[in-house]
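Engineer: Have a look at the structure that comes next, please.
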Amino acid sequence: MLLLACAEQNEEQKEAHQHVWPNGTMYEIFVQSFADSNGDGIGDFNGMTSKLDYLQELGIQGIWLMPIGPSPSYHKYDVTDYYNVHPDYGTMEEFKHFVAEAHKRNIKVVMDFVVNHSSSEHPWFLDAKADKNSQYRDYYVWASIDSIQDQLSKKEITLDSDNITQWHQNGSDNEYYYGFFYGGMPDLNYDNPKVRAEMINAGTFWLQEVGVDGFRLDAAKHIFPDEEAEKSHAWWIEFGDAMRTVNSEVYLVGEVWGNAELVGPYLKGLPSMFNFDFHHAVNDLMRTEKNNGIIENLIKTRQVYEEIQPEYMDATFVNNHDQSRLISNVGGSVAKNKLSAAILLTLPGTPYIYYGDEISMLGKKPDEMIREPFLWNVLTNDTLRATWIDPVNSNDSTVVPLALQMKDPNSTYSVFKAWIQERNNQQIFREGDLVSLKLDDNLLGYERKMGEKRLIILHNLSGTQVEVKLADLNCTQIEFYVESKPHLEDGVIILSPYQSVVLD
Ligand SMILES: [Ca+2]
């Protein structure tokens, strides 16, 4: 009987856990740097599989994997085969095993899908560039020098690319091909129905044959040039609808660097979009230590998006693989890194943590230096540490490795874990309404509401202690805190520098 009771309880827990998706916590992994199981210096699928228990214990419900396909580059955002995995990371069987093991732990797997461009070494492009009559010529965008003269001189950079040369001369003839990011990434031609069919086929393969739960759509805004944005929106509706017929629960999150006006029209096809405004606002908040209206902006954005897409899910993040890590933008302040997690994890949406944030890994651009190996243990005992790069930001002298942080209740790891668990345990943090509070500008405060329940979250943005009268907030007691309990006496709460607290 006892065993049966246990089993029932586990089923209930499982259901509760599943319900958290997709408002639980996501975790972005750069496979190359995460966990190296065979000692060749490069992180791999088996290494990740061995760390699924770790991620489950942390409270993670979904993983976003940076590209895993065959590619000539270390970052793998230029794909040479849309139906395979990179041999450095392991075999397809090993990847399927990873997905199956993740699912056993109720962790979803979301894969980076890079369809705007292929690698210049993709067989399609090699064939296309060698022969004007190739069946793959129209998979790419070609122009004669006369027709693009004005574009060659109109060189502009964008938020997501500092490349200023978008047309690239083809060595073997007098035509140019379009490659928004650089010559090694020729853009695919989405006016060609064959290209659209190929990518829908590839997406179907990963959902159906491999079993991933969804995609993070790279460079979603660049499918067509900016002046033809409507055609990009239409493509994502076509792709999204096709994926939803394969798996009605498929999770699709798009990368479009831009404000709400620019992002909004993509939501019809891709119901989740990364919130770059939020990312910038958190960084600004931590640098200036002053409330910058982040909550009011978030509420406004959510309202605009929900009108366009009732199923809208906001993908919030503090860090990702394209930005210097917040902690490195604020002088290495561990306290501010912890504070950013408390903010991220008590707001609505699907919060994304970038691997290593939870141990206060550092990272300042160039890109390789924000994608350094995870520190599982002190170097001499770290059998899983990747060594493909010599880290300049995160090493044993600048970051306390995970194994040591796990023993410390006040470590970044323990603080991140506590906030993640709190979010998992309380539906109100995931799904409750959000109301902004007007307070002194060294404080960030907001209310979460759900039915009769109401919580107030307060963050001290400053390096000095702050006193707040609970009566002013209609609160009477402390509901949740991490590290040291805030001092509360005669209805006045004292918050330490960079401290967060939940009140009711
Ligand atoms: Ca390896």
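Engineer: Those residues that are assigned to a helix (DSSP H, G or I) and either more than 16 Å from the ligand (Cβ to nearest atom) or open to solvent by 60 Å² or more (accessible area, probe 1.4 Å) (or both), I need them from region 95-126; list them, please.
Structural biologist: Listed by number, the residues that qualify are 96, 97, 99, 100, 101, 102, 103, 104, 123, 124, 125, 126.
Engineer: Could you say whether any residue in region 307-322 is open to solvent by less than 10 Å² (accessible area, probe 1.4 Å) and more than 19 Å from residue 62 (Cβ to Cβ)?
Structural biologist: no
Engineer: Please indicate, with yes or no, whether at least one residue in region 224-232 is of a type in the set (A, V, I, L, M, F, W, C) and open to solvent by less than 10 Å² (accessible area, probe 1.4 Å).
Structural biologist: Taking every residue of region 224-232 in turn, none turns out to be of a type in the set (A, V, I, L, M, F, W, C) and open to solvent by less than 10 Å² (accessible area, probe 1.4 Å).
Engineer: Out of the residues in region 33-48 that are touching a residue at least 60 places away in the same chain (Cβ under 8 Å) and open to solvent by less than 10 Å² (accessible area, probe 1.4 Å), which is nearest to the ligand (Cβ to nearest atom)?
Structural biologist: Ranking the candidates gives 36 first.
Engineer: What is the residue count in region 49-68 for residues that are open to solvent by less than 10 Å² (accessible area, probe 1.4 Å), more than 22 Å from residue 381 (Cβ to Cβ) and away from the ligand (no atom under 16 Å from the Cβ)?
Structural biologist: Selection size over region 49-68: 7.
Engineer: Just checking, does region 435-448 include any residue being of a type in the set (Lys, Arg), surrounded by 15 or more Cβ atoms within 10 Å (Cβ to Cβ) and closer than 16 Å to residue 501 by Cα?
Structural biologist: Yes, the conditions are met somewhere in region 435-448.
Matching residues to (1) touching a residue at least 60 places away in the same chain (Cβ under 8 Å); (2) aromatic (Phe, Trp, Tyr):
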| position | (1), (2) |
| --- | --- |
| 173 | no, no |
| 181 | yes, yes |
| 193 | no, no |
| 206 | yes, yes |
| 215 | yes, yes |
| 222 | yes, no |
| 230 | no, no |
| 246 | no, no |
| 273 | no, no |
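Engineer: Taking residue 22 as meeting all but one of (1) open to solvent by 10 Å² or more (accessible area, probe 1.4 Å); (2) within 30 Å of residue 421 (Cβ to Cβ); (3) more than 16 Å from the ligand (Cβ to nearest atom); (4) touching a helix residue (DSSP H, G or I) at 6+ places or on another chain (Cβ under 9 Å), write down the number of the exception.
Structural biologist: (4)
Engineer: Which count do you get for residues in region 378-427 that are in a helix (DSSP H, G or I) and either under 25 Å from residue 40 (Cβ atoms) or within 16 Å of the ligand (Cβ to nearest atom) (or both)?
Structural biologist: Number of matching residues: 5.
The values are calculated or read from the model by the stated rules, or taken from the named source; none is laboratory data. Just so it is clear, the structure is predicted and the values come from calculations on it, not from any experiment. Don't worry about glycine lacking a Cβ; one is built from the backbone with ideal geometry, like all the others, and counts go over all protein chains shown. These accessible areas exclude ligands, DNA and RNA; they are computed on the full protein's heavy atoms, side chains included. Shrake-Rupley method; radii C 1.70, N 1.55, O 1.52, S 1.80 Å.
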